[in-house]
Amino acid sequence: MNVIFENFALYRDGFFKTLLICAYAMVGSLVLGTILAGFRVSPVPPLRWVGTSWVNVFRNCPLTVVLFFCAFGLPEVGINGAYFWFSIAALVLYTSAFVCEAVRSGINSVPAGQAEAARAVGLTFGQSLTTIILPQAVRTVVPPLGSVIIAMIKNSAIVGAFGVGGELFAVSDTLTGSRGEAALPVLTGVVVAYLLITIPGGIFLGWLERKVAIAR
């Protein structure tokens, strides 16, 4: 375990860098996924087509391909930036498809009479979705969304292979490749760091799920 203690600063910086990537990707995925879920249940056919196509493409496309596209494809069409932001964009694009389906399932669980009542009092689709349907749907989507977010945190390990320096995967690569440290203790430190993110996150989501269930 000396490897971990001697390189604690690297692990600490990698932990916070990974945490930052996950935080940005989580917020972006939740926002974009919720918008796409609205598209999926929209009465406007082009919006439904956009939402359905997005889900079908990104749910059936490997994350590594999405990362390759963002990291190496976007610069080819004139969109330049740091790999840090490209990696976040890839995680958002990929994860939003799963968020969309989780939110859509929650929307479909709300009784149809709620939407009919909203239309009867003159609310538009957007108004009924944001003020009546989504607040009720949130209660049923916490468990699946929690699983999606935890999976996204684990998927973030891949971004280190695409030039994002300083995060946990890059730390392990630096220690085993550049410094010649043994792989087992290095990877043990990486696993512990990821567990420090996912286990508290799972505990919080479990608490949130119970809290929402009590409020029903």
| said: Give me the tail of P(r) for the stretch 96-195 as a percent: Cα-Cα pairs with distance above 23 Å. | reply: 51
| message | Among 204, 123, 156, which residue has its Cα furthest toward the positive end of the charge dipole of the stretch 90-205, with +1 on Lys/Arg Cβ and -1 on Asp/Glu Cβ? | response | 123
| Which number do you get for Rg(Cα) / (2.2 N^0.38 Å) in the stretch 42-159? | 1.28
| remark: Per-residue ellipticity at 222 nm attributable to helices in the chain (runs of n ≥ 4 DSSP H, -39500 (n - 2.57) apiece, nearest 500 deg cm²/dmol) works out to -24500 deg cm²/dmol
| said: Can you give me the % of accessible surface on the chain that is carbon or sulfur? Probe 1.4 Å, all protein chains present, nothing else counted. | reply: 68
| query | Could you sort 103, 191 by accessible area so the largest value comes first, with the probe set to 1.4 Å? | reply | 191, 103
| query | residue 17: accessible area at probe 1.4 Å, nearest 10 Å²? | reply | 60
| note | Per-residue accessible area, 1.4 Å probe, largest first, puts 8, 98 in the order 8, 98
| note | Measuring from its Cα centre, the chain shows a charge dipole (+1 at each Lys and Arg Cβ, -1 at each Asp and Glu Cβ) which, in debye to the nearest 20, is 740
| Volume in Å³ per residue [convex hull over Cα atoms, computed for the chain] | 130
| field | Solvent-accessible area per residue for the stretch 1-150 (1.4 angstrom probe, square angstrom) | value | 52
| task | Towards the positive end of the charge dipole of the stretch 4-119, with charges on Cβ (+1 Lys, Arg; -1 Asp, Glu), say which of 63, 10, 80 has the farthest Cα. | result | 63
| said: Against the 2.2 N^0.38 Å scaling, with N counting residues, where does the stretch 1-49 land? I'd like the Cα-based Rg ratio to two decimal places. | reply: 2.04
| message | To test your reading of the geometry: what angle, between 0 and 90 degrees and rounded to tens, separates the Cα axis of helix 134-155 from the longest principal axis of the chain? | response | 20
| query | On a 0 to 90 degree scale, rounded to 10, what angle separates helix 8-40 from the longest Cα axis of the chain? | reply | 20
| query | How much length is gained on full extension from residue 76 to residue 50, taking 0.36 nm per residue of separation minus their Cα-Cα distance? | reply | 6.9 nm
| said: What is the distance in Å between the Cα centroid of the stretch 70-114 and that of the stretch 20-65? | reply: 5
| Highest-first arrangement of 128-140, 192-204, 18-30, where packing means the average Cβ count within 10 Å | 18-30, 128-140, 192-204
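The values are calculated or read from the model by the stated rules, or taken from the named source; none is laboratory data. For clarity, every value in this text was computed on a predicted model and none was experimentally measured. All Cβ positions, even for glycine, are placed from backbone atoms using ideal geometry, and neighbour counts span all protein chains on display. SASA here: full protein model, heavy atoms, side chains in, ligands and nucleic acids out. Shrake-Rupley method; radii C 1.70, N 1.55, O 1.52, S 1.80 Å.
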